[in-house]
Every structure is written in structure tokens, then in C-alpha cells.
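Student: Submitted below is the structure of interest, expressed as C-alpha cells.
Quick note: the coordinates plus some simple rules give every number you see, no bench work behind them. These numbers were taken from a predicted model, which means no experiment stands behind them. Note that we place each Cβ from the backbone using ideal geometry, even for glycine, and neighbour counts take in every protein chain shown.
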Amino acid sequence: MTMRGGSVVVFEDFFPVMVERLGAQGFMEELSKGFRLLMDKEKGVITLESLKRNAGLLGLGGMSDDDVQSMLSEGDLDRDGTLDEREFCVLMFRLSPGLMKGSKEMLEEAIDS
Ligand SMILES: [Ca+2]
């Protein structure tokens, strides 16, 4: 499955710049903040509902229901219907091919630490 639409372009342009500016660890902290903004506060994971409700906070308010659904499905590696923090981070990297090329190992290290 491939994500299409304006939001993906934003990720591709934005993330490599952020990594350059913040370093891998700082970038992971930003991702973690983003995750907490999007998650369902009671469940501690991102659900379809929490993603739809909070996408606007990250400037993703223009996403259609279909976009939100495909973003969730794309990132949901264990198929439990929600995104945990790790799945969210992995998804963000996958949405940003330039980031994957430049900083993959550094970021994998940051995820595991
Ligand atoms: Ca999951």
C-alpha cells in the first residue's frame, strides 16, 4: 500500500531538515511528542479515532478519512488496529525516503536506545 496526497510530501521535505537540525536523538523526541499528541490518552496508542481527532494538531487536518485509515493501516505492523509509539516512529521513517537513505542506522540506534 502506498500513501498519496499532500501530507506525505510534507514529511519528505520536513523530516530530513529536522534530523539535520535536531540530531537523531532530538528528532526521536520530536516524534515522541507527535505520538503523544496523536494518541488516545486512555489507551496510550494511536487509534483511528484519536488520529482523526488530533491530526489537525500536527498540521494534517486536511487528511480525508481514507488518508487517515491508510496511514494507520500502513503503520500497523502487528495488525491490532492501532499504532504504538514504535510503529508510529517506523511509519514516519518509511514516509520519508530521503531520511531513510541518509540517517537510517543512526535512527535505528536512537529507536533501540
Ligand atoms: Ca499495532
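Student: Run the numbers for GLU42 and GLN69: contour at 0.36 nm per residue of separation, minus the present Cα-Cα distance, in nm.
Tutor: 7.7 nm
Student: Here's something else I'd like to know. Run the quick spin-label model on VAL17 and GLU29: label points 7 Å from Cα toward the beta carbon, then report their separation in nm to one decimal.
Tutor: With each label placed 7 Å out from Cα toward Cβ, I get 2.1 nm.
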